[in-house]
1. Counting other Cβ atoms within 10 Å of each Cβ, which trypsin sites (Lys or Arg not before Pro) in segment 278-313 have at most 14 and sit in a DSSP loop?
2. In segment 49-82, which residues have a backbone nitrogen under 11 Å from the label point lying 7 Å from Tyr43's Cα in the Cα-to-Cβ direction?
3. Work out how much length Glu119 to Phe433 would gain on full extension: take 0.36 nm times their residue separation and subtract the Cα-Cα distance, in nm to one decimal.
4. Quote the relative contact order of segment 210-359 in percent (integer), defining contacts as alpha-carbon pairs under 8 Å separated by 6+ residues.
5. If Lys and Arg each add +1 and Asp and Glu each add -1, what is the summed charge of the other residues whose beta carbon sits under 10 Å from the beta carbon of Thr20?
6. Using θ = phi - 60° and the Karplus relation 6.51 cos²θ - 1.76 cosθ + 1.60, list the HN-Hα couplings for segment 126-136 in order, rounded to whole Hz, with x at every Gly or Pro.
7. To the nearest 20 debye, what is the magnitude of the charge dipole of segment 216-331 about its Cα centre, counting +1 on the Cβ of each Lys and Arg and -1 on the Cβ of each Asp and Glu?
8. Can you compute the charge dipole magnitude of the chain about its Cα centre, using +1 on each Lys and Arg Cβ and -1 on each Asp and Glu Cβ, nothing else charged? Give it in debye, rounded to the nearest 20.
Amino acid sequence: MLRTHTCGELSKKDIGKEVTLCGWVHRRRDHGELIFIDIRDAYGLTQLIFDPKKDRSMHKKVHELKSEYVIQVKGIVQERPRGTINPKLSTGEIELLAGGLDILNPSLTPPFEVDKKLEISEETKLKYRYIDLRGSGMQRNMRLRHKINSSIRGFLERENFVEIETPFLTRSTPEGARDYLVPSRLNTGKFYALPQSPQLFKQILMVSGFDRYFQIARCFRDEDLRKDRQPEFTQLDVEMSFVDEEDIFGLSENLLKKIFKDVAGIEIPVPFPRLKYSEAMEKFGTDKPDTRGTKHAGENNYSFLWITDFPLFKYNKEEKRWESEHHPFTACKEEDVNLLDGKDLGRIRARSYDLVVNGAEIASGSIRIHKREVQEKIFKTIGLDKKDAARRFGFLLEAFKYGAPPHGGIAFGLDRFVTIFTKSNSIRDVIAFPKTQKAVCPMTNAPSDIDDKQLKELHIKKAK
Ligand code: ASP
């Protein structure tokens with residue numbers, strides 16, 4: 001190890017010890033001959049003192065140090081003189097009197113100072129994301145996100161769930177957006193679609209006998225980006241067999257309770273209140289009401305609410321056809337099944353649900369159709385004839401022939417959840433390497449041109 005301690009760890013009890021720290025030069029202050037440097041790593045800051053009286057040769061090196069140089073310092077921990085104690089810092093009662101310095105790597109002057117709350121453009125922050133990520137805010141967010149993921153995995157494992165990865169190179173999974181397409185070199189003229197969600201695979205896993213599946217899954221949707229959207233994002237995707245709505249609600253509530261307890265030490269009351277879609281629209285004019293301060297609110301600062309009984313279909317006036325409100329794999333209420341043969345399709349209620357917190361939708365799911373004939377009927381209703389349905393979803397319809405169990409599930413938008421949890425302004429603050437609103441990565445310059453050889457191999461010609 002190049003270090004004996006981290007920069008956030010030394011305290012009064014270490015006074016007199018000889019230690020070695022590694023990290024980045026955070027700030028430097030020259031007080032006459034004495035030079036003070038804050039050294040920073042992922043765990044915090046420690047104040048270093050370089051006293052030329054103690055070691056002249058080292059002093060030449062100290063004068064070279066600039067912001068973000070990577071250094072290794074040996075020294076003795078000493079108490080800070082009275083009046084210089086910094087109560088805001090975990091190491092604020094001590095300092096390190098340096099006795100040895102090694103420059104492990106110099107640095108150019110960074111385009112912005114780590115942790116300085118100056119107005120920096122999003123573009124610059126993302127171009128130099130590695131510097132932005134060094135800041136305490138991003139460090140905190142990424143670590144918290146990791147803790148949330150561990151808490152999820154721990155909880156679901158205890159509940160007997162199995163984490164299964166589903167493919168990225170697949171066929172279209174409709175969730176209401178455009179697909180990202182990947183040309184196939186080995187199958188000329190054919191394309192894979194990146195999954196908009198693992199929806200169809202998780203249903204097929206139910207047919208495969210995995211009755212409790214989850215995945216922290218990347219999803220890809222090519223849509224115009226709003227503040228809280230990214231072209232690729234992460235869902236906690238869950239599916240269960242032999243369940244009804246109550247099982248999904250109970251599992252989700254206990255999962256959230258556990259995450260809040262583990263990660264923030266907050267007790268959130270469960271069960272969450274519920275509101276039917278029609279009531280939400282009538283009372284709040286939206287299906288994502290912010291119920292803080294209303295009689296529907298629980299809870300502390302987090303006001304969770306289930307919205308249930310969504311319509312199964314909505315009418316697309318432009319295209320003059322019915323389309324699925326959630327996705328076409330959602331079952332309808334038993335009592336409304338007979339309406340499927342009528343004209344009044346808008347009245348059919350779905351067995352779907354959304355979870356809303358403080359006015360933001362953080363999860364959505366449904367009990368699924370598991371009977372082939374019903375699934376075919378739904379496809380027909382949304383304008384897919386038998387041939388189309390077979391071409392696009394034949395594999396699902398085929399699987400339904402072989403004993404598909406009743407099943408249902410839910411998916412949580414993890415990025416949005418972590419944004420709310422960390423009280424961040426944007427989901428870009430909780431994703432290590434996000435894209436801009438134009439779906440560009442300023443650090444890697446993706447998307448990029450590709451060379452003619454690659455295009456040729458793929459049998460693709462650019463139109464312009
Ligand atoms: N696949 C759905 C979605 O991405 C969630 C679900 O129904 O489980 O919104």
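1. Values: sites: Lys283, Arg292, Lys295; in loops: Arg292, Lys295.
Within segment 278-313, the qualifying trypsin sites (Lys or Arg not before Pro) (loop, at most 14 other Cβ atoms within 10 Å) are Lys295.
2. Within reach of a label on Tyr43: no residues.
3. Details: separation 314, 0.36 × 314 = 113.04 nm, distance 1.98 nm.
Residue separation times 0.36 nm, minus the Cα-Cα distance, leaves 111.1 nm.
4. Working: 216 pairs, mean separation 27.2, N = 150.
Once normalised by length, the contact order is 18 percent.
5. Numbers: positive: Arg3, Lys74; negative: Glu18, Asp102.
Result for the neighbourhood of Thr20: 0.
6. Per-residue couplings from phi come out as 6, 5, 10, 4, 4, 7, 4, 5, 6, x, 5 Hz.
7. Numbers: 18 positive and 24 negative charges, 82 e Å.
Its charge dipole is roughly 400 debye.
8. Numbers: 79 positive and 70 negative charges, 215 e Å.
Value, rounded to 20: 1040 debye.
Bear in mind that the values in this text are calculations on the coordinates, not laboratory data. Here the structure is a predicted model, which means the values were calculated and not measured. Here the Cβ is made from the backbone with ideal geometry for all residues, glycine too, and neighbour counts use every protein chain on show.
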